[in-house]
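Read through the structure below, which is laid out as structure tokens, and then see the notes.
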Amino acid sequence: MKIALVNGERSEPSPRQRAVCPYCGHDMIAKCGRVRLWHWAHKSRSRCDPWWESETDWHRNWKGQFPTAWQEVVHVDRISGERHIADVKTPFGLVIEFQHSPIEKAELRSREEFYKNLIWIVDGDRGSTDPQYFFMGLLTRKPESFSPLVYCFGWSGQSRLLHNWAQASSPVYLDFGDENVIWKLVHFDPHDHTGFVMPTKREWLVEACSRDEPIPSVAADENDPRTYHRQMVSLH
């Protein structure tokens with residue numbers, strides 16, 4: 001974890017610090033080595049939130065795009081009292097979950113039902129073949145059913161990544177490690193292996209989420225789906 005409570009204040013780790021977990025209240029120790037990311041670890045080695053996954057550089061880099069006060073916020077259901085740690089929760093109530101590891105369908109549904117106002121940002125570069133299959137499946141035709149103000153690519157092929165995330169009901173954005181662009185999974189039919197995806201600039205996604213605005217897409221070169229113009233195209 002990046003955030004723990006030191007004397008009741010949300011704090012990042014520093015050497016020889018001790019704190020308590022904002023979720024379970026158990027003691028935590030600052031792990032500040034030379035190799036791994038500095039982080040807080042439970043003294044008892046317990047895993048308090050079953051939805052929490054070990055943090056990677058990828059997680060930390062994405063969280064760092066948002067104010068620290070929005071990171072690792074304990075979200076409480078007012079009716080049931082159930083609690084979980086949201087990766088990022090904005091003042092507007094939007095929860096952003098950064099998912100690196102595969103996720104079971106039951107847990108995916110549970111998280112979406114719990115947070116409700118949620119978007120997923122998925123590490124598409126985790127599997128060795130996921131980026132390859134994704135870009136091989138891109139088609140340059142634009143679906144006629146979409147508004148001319150929305151730029152989508154058709155997609156066709158085999159992709160375990162798209163197949164798994166087609167089950168999500170909340171918006172899903174796939175990050176393949178490009179410094180500028182990530183991809184929204186607009187639609188995917190796991191039966192005929194076709195769908196639509198839409199590119200957007202990661203900085204625009206961060207800005208839109210931070211301002212509670214629609215996330216824009218980016219116009220792309222029809223002759224090369226990985227070449228993007230600077231023009232911003234609104235989704236609404």
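The values are calculated or read from the model by the stated rules, or taken from the named source; none is laboratory data. Here the structure is a predicted model, which is why all the values come from computation and not from measurement. Glycine also receives a Cβ, built like all others from the backbone with ideal geometry; neighbour counts cover every protein chain displayed. Side chains included, ligands, DNA and RNA excluded: accessible areas come from the protein's heavy atoms. Shrake-Rupley method; radii C 1.70, N 1.55, O 1.52, S 1.80 Å.
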Under the Karplus relation with 6.51, -1.76 and 1.60 and θ = phi - 60°, whole-Hz ³J(HN,Hα) for the stretch 17-26, x at Gly and Pro, equal 7, 10, 7, 10, 6, x, 8, 10, x, 7
Testing the spin-label approximation: label points 7 Å from Cα along Cα→Cβ at PHE92 and GLU179. State their distance in nm.
2.8
Sketch the reach of a paramagnetic label on SER44 as a point 7 Å from Cα along Cα-to-Cβ, and name the residues of the stretch 54-91 whose backbone nitrogen lies under 14 Å away.
none
Compute the distribution of all C-alpha to C-alpha distances in the stretch 1-135, in bins of 5 Å from 0, and list the percent of pairs in each, rounded to whole numbers.
2, 9, 18, 22, 21, 15, 8, 4, 1, 0
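What does the accessible area per residue of the stretch 152-201 come to in Å², with a 1.4 Å probe and no ligands, DNA or RNA counted? Don't skip to the end; give the middle numbers.
On the way: 2000 Å² over 50 residues.
I get 40 Å² per residue for this part.
Compute the Cα gyration tensor for the stretch 76-195, then decide on rounded, prolate or oblate, letting a ≥ b ≥ c be the square roots of its eigenvalues: rounded whenever a/c is under 1.5, prolate when a/b is larger than b/c in the other cases, and oblate in all that remain.
On the way: a/c = 1.93, a/b = 1.70, b/c = 1.14.
Judged from the Cα gyration tensor, the stretch 76-195 comes out prolate (a/c at least 1.5, a/b above b/c).
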Taking 41 Å as R0, compute the FRET efficiency from the Cβ-Cβ separation of THR68 and TYR133 and round it to 0.05.
0.70
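Is the shape of the stretch 69-122 best called rounded, prolate or oblate, per the rule: a/c under 1.5 gives rounded, else a/b larger than b/c gives prolate, else oblate, with a ≥ b ≥ c the square roots of the Cα gyration tensor eigenvalues? Each step should come with its number before you reach the end.
Numbers: a/c = 1.86, a/b = 1.16, b/c = 1.61.
The shape class here is oblate.
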In nanometres, the difference between 0.36 nm per residue of separation and the alpha-carbon distance of GLU203 and LYS116 is 29.0 nm
Using label points projected 7 Å from each Cα along Cα→Cβ, tell me how many nm separate ARG160 and SER54, to one decimal.
1.9
Among (1) 16.4; (2) 12.0; (3) 14.2, find the value of mean projected area of the Cα convex hull in nm² that was calculated from the structure presented, and write down its label.
(3)
In terms of solvent-accessible area of protein heavy atoms at a 1.4 angstrom probe, what is the ranking of THR200, THR129, highest value first?
THR129, THR200
Of the candidates SER156, SER170, SER80, which one comes out as most mobile in a Gaussian network treatment of the chain with C-alpha springs shorter than 10 Å?
SER80
Lys pairs, the chain - Cα-Cα below 22 angstrom, 8 or more residues apart or on other chains:
19
